[in-house]
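Undergrad: Got a structure here, written out as structure tokens. Questions coming.
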Amino acid sequence: VEAIGTPERSVVTTCAYCGVGCSFEAQMRGEELVRMVPWKDGKANRGHSCVKGRFAYGYAKHQDRILKPMIREATTEPWREVSWEEALAFTAGRIEAIRAAHGKDALGVITSSRCTNEETFLVQKLARAVFGTNNTDTCARVCHSPTGYGLKQTFGTSAGTQDFDSVEETDLALVIGANPTDGHPVFASRLRKRLRQGAGLIVIDPRRIDLLETAHRGEARHLALRPGTNVAVLTAMAHVIVTEKLYDAAFIAERCEQDAWEDYAEFVSAPDYAPEAVAELTGVSAQALREAARAYAAAPNASIYYGLGVTEHSQGSTTVIAIANLAMMTGNIGRPGVGVNPLRGQNNVQGSCDMGSFPHELPGYRHVSDPAARAVFEAAWGVTLDPEPGLRIPNMLDAAVGGRFKALYVQGEDILQSDPDTRHVAAGLAAMDCVIVHDLFLNETANYAHVFLPGSTFLEKDGTFTNAERRINRVRRVMRPRAGYADWEVTQMLANALGAGWAYTHPEEIMAEIAATTPGFAGVSYAMLDERGSVQWPCNAAAPEGSPIMHIDGFVRGRGRFIRTAYVATEERTGPRFPLLLTTGRILSQYNVGAQTRRTENVLWHGEDRLEIHPHDAETRGIKEGDWVRLASRAGETSLRATVTDRVAPGVVYTTFHHPDTQANVVTTDNSDWATNCPEYKVTAVQVGLSNGP
Ligand code: SF4
């Protein structure tokens, strides 16, 4: 404040980091951001914040920002700064040439869960209505796509069932594959408060997370399972609930498909899923499994919160289904204090999925093969839409290596650093004739790009983000776009360079189009958001005030559907060469691959990713605290320093993936979820040994 001066104006906007979606007042002096003050009327945060939202905005003015468009004929050439007109003409020329030579399905887009709903809507519209292909995917592919699949199959829609307020009425929280203290700090504070009031806690995680250290009055259990065995643990818990008749028979009879329940109950009652049968496999004792199941079933209101430790597995979708099964069989759906709550990592994961950025779904989760759904958009956009699903991110890369996919527009996503099996991503990008990176910084993906279009930060644009509780929050422009245009304007200019004739003058008009074409958003407008602050979808004639809790009287799909959850071991196995299992996560002060937080001076920068290793495993390898170690898998290797700790169990190692020098994803494999291709980041067989450093 001393350097910039006293604020002259204040604009309410939304944090662009995690899925909690905290509201802030951006206090401004001219074009300078003086400070971010948590907004006391923000319904997701009520005046609270974490270090990232409050202090990690310096990247917006960082010298690394690229502010001029750049092009190059080949990636071996240096970049050439050009005007926006020249960049867009060059890009459109390449896209037209590729489409003429290879067809529309040689083109594709990747949207980002960092961008607004309006921007995401436009990017998938660019793919479908202008390129003519369903080759559109989102970075949610690599995080919560199994949530989309699993919850749609069981409940009928891909969304968390509760609002954050609901945690205040829970009697027991089951937290699986999530570390809210680091990943979702403001929500974690509310959960800790409830634990201090006496709510019970079950943590299912290979690592002892901070939540377990919280002083609380209720019972806390930790099921420190072996990575890759979520389905076996959850199905064993279901076995106990079914065979001991702890389920809610009235809820099941009234709310769920009876045939599916009977089939599931028979399946899960098999001796194969008895806790005693899976104890060795999972590393969790039969007694601990039985006690956890009984505690969950006995709690008057039991809730489940989960994160990427559920989804980023070869059985990610099966795990989400297993979670939904547990909630349904115990009647923990449709009222405060219960439910199934995916904690979304990025600020707009929920929104990017809602906006139709998946290759098989139009906005509002309607399949592209549905003629009625296509007709809505064909009428609105004046085009004929392709009824065949397009390519997912990994399929685009495979097709590129195979010579069938030639051009990719990537908005706000560094796929080279954040996607698994870095070498394969690089090979796919290198095989394309036109890679367009639209971003703030020259990221690692840009090494393979032919066009760089400067992006805008959340401070430089209007729009909306949708948080993990389906709350649509306004993002308000507080300063001029430094490169001249907000991201939605750049997408529109690219579409128009290809002859689209779009004429949006403000994101409010894009939201009006979303509301007109997407039933769950029919009641949403900027005027309403400005008046009420925020709203949770569905918001329409049936729910004009929005929907803090879903599935109150019935599931979106009618009756809830139980689905068998057979445990299938991951292909990633330990053995003499790779005897340890690696799993990954985040720390509070950093964010994903660190593009923003590493460029913000006033956020404590943990200078390196560290490898956590159990004292027993460290001793047998001669590793001491702080030693450099080599971490190697079948996919690749990297070097980092060791932290010797019993937070991880013997046989398990853990690291973060924030730092580009470490590039933890060089060791992760190309295994992925059977239903959605979400990468299996959380299970990699590795070897660890002393090294001399990088
Ligand atoms: Fe931003 Fe999440 Fe922190 Fe809130 S909890 S300030 S949304 S990073």
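The numbers here are math on the coordinates, done by the rules we state, and not lab data. These figures come from a predicted structure and were not determined experimentally. Because the Cβ atoms are built from the backbone with ideal geometry, glycine has one as well, and the counts that use them run over all protein chains shown.
Undergrad: Given the chain, what whole percent of its Cα pairs are spread farther than 35 Å?
TA: So the portion of pairs separated by more than 35 Å is 41 percent.
Undergrad: Something else now. Report the rotationally averaged projected area of the range 9-61 based on its alpha-carbon convex hull, in square nanometres. Provide the component values of the computation, followed by the final result.
TA: Details: hull surface 13.4 nm².
Projected area, direction-averaged: 3.4 nm².
Undergrad: Give me the extension gain from ARG423 to ASN447: residue separation times 0.36 nm, minus the current Cα-Cα distance, reported in nm with one decimal.
TA: On the way: separation 24, 0.36 × 24 = 8.64 nm, distance 1.34 nm.
Here the segment from ARG423 to ASN447 would lengthen by 7.3 nm.
Undergrad: Shifting gears a bit: What is the set of long-range amide H partners of HIS360 at a cut-off below 5 Å, with H atoms built 1.01 Å from backbone N?
TA: GLY390
Undergrad: Only loop residues by DSSP count here, and only those with at most 16 other Cβ atoms within 10 Å; note down the GluC sites (Glu not before Pro) in the range 532-578 that meet that.
TA: Details: sites: GLU545, GLU571, GLU572; in loops: GLU545, GLU571, GLU572.
Of the GluC sites (Glu not before Pro), the ones in loops of the range 532-578 whose Cβ has at most 16 other Cβ atoms within 10 Å are GLU545, GLU571.
Undergrad: Take the Cβ-Cβ distance between THR214 and THR384 as r, set R0 to 56 Å, and report the resulting FRET efficiency rounded to the nearest 0.05.
TA: On the way: r = 56 Å, r/R0 = 1.00.
Taking R0 as 56 Å, the efficiency between THR214 and THR384 is 0.50.
Undergrad: Additional query: Restricting the calculation to Cα positions, tell me the Rg (one decimal) and the Dmax (whole number) of the range 132-229 in Å.
TA: Rg, Dmax (Cα atoms, Å): 16.0, 58.
Undergrad: Pull out the extension gain between HIS62 and GLU509, defined as 0.36 nm times the separation in residues minus the alpha carbon to alpha carbon distance; nm, one decimal. Before the final figure, lay out each step's value.
TA: Working: separation 447, 0.36 × 447 = 160.92 nm, distance 3.12 nm.
Full extension of this stretch gives 157.8 nm more.
Undergrad: Bin by bin, in steps of 5 Å, what percent of the Cα pairs in the range 333-472 do you find, going until the bin that has the longest distance?
TA: Per 5 Å bin, starting at 0, the Cα pair percentages come out as 2, 9, 13, 15, 17, 19, 14, 7, 2, 1, 0.
Undergrad: Moving on. With label points built 7 Å along Cα→Cβ from the Cα atoms of ALA516 and SER285, find their separation and express it in nm.
TA: Placing both labels 7 Å beyond Cα along the Cβ direction yields 6.4 nm.
Undergrad: Let me ask you something else. Grab the other residues whose beta carbon is less than 9 angstrom from that of ASP670, score K and R as +1, D and E as -1, and report the net.
TA: Values: positive: none; negative: ASP421, GLU680.
It works out to a net charge of -2.
Undergrad: Provide the per-residue ³J(HN,Hα) series for the range 284-294, in order, calculated from phi with Karplus coefficients 6.51, -1.76, 1.60 and θ = phi - 60°, each as a whole number of Hz, with x at glycine and proline positions.
TA: 10, 5, 4, 5, 4, 5, 5, 5, 5, 4, 5
Undergrad: Another question about this same structure. For the range 1-128, compute Rg over Rh where Rg is the Cα radius of gyration and Rh is the Kirkwood radius from the inverse mean 1/r over Cα pairs.
TA: On the way: Rg = 20.1 Å, Rh = 18.3 Å.
We get a ratio of 1.10 for the range 1-128.
Undergrad: Label-point separation (nm) for GLU266 and ARG29, each offset 7 Å from Cα along Cα-to-Cβ?
TA: Placing both labels 7 Å along Cα→Cβ, they lie 7.4 nm apart.
Undergrad: Please state, as a whole number in µm²/s, the translational diffusion coefficient that the Stokes-Einstein equation yields for the range 443-535 at 37 °C and 0.692 mPa s, with Rh defined as the Kirkwood radius across alpha carbon pairs. Let's see the in-between values first.
TA: On the way: Rh = 15.0 Å.
D = 219 µm²/s.
Undergrad: Let's test the formula: R0 of 51 Å, r as the Cβ-Cβ distance of GLU81 and ASP553. What FRET efficiency results, to the nearest 0.05? Intermediate values should be presented prior to the final figure.
TA: Values: r = 59 Å, r/R0 = 1.15.
Efficiency, from the Cβ-Cβ distance: 0.30.
Undergrad: Further question: For the range 227-344, take the alpha-carbon Rg, divide it by the Kirkwood Rh, and send me Rg/Rh.
TA: Details: Rg = 13.5 Å, Rh = 14.4 Å.
Computed over Cα atoms, the ratio is 0.94.
Undergrad: When a/c reaches 1.5 or more, the comparison of a/b and b/c decides; with that in mind, is the range 145-342 rounded, prolate or oblate per its Cα gyration tensor? It would help to have the intermediate numbers written out before the result.
TA: Numbers: a/c = 1.39, a/b = 1.20, b/c = 1.15.
Rounded, since a/c falls under 1.5.
Undergrad: Still on this model: Using only the alpha carbons, work out the radius of gyration and Dmax of the range 191-278 in angstrom.
TA: 15.9, 44
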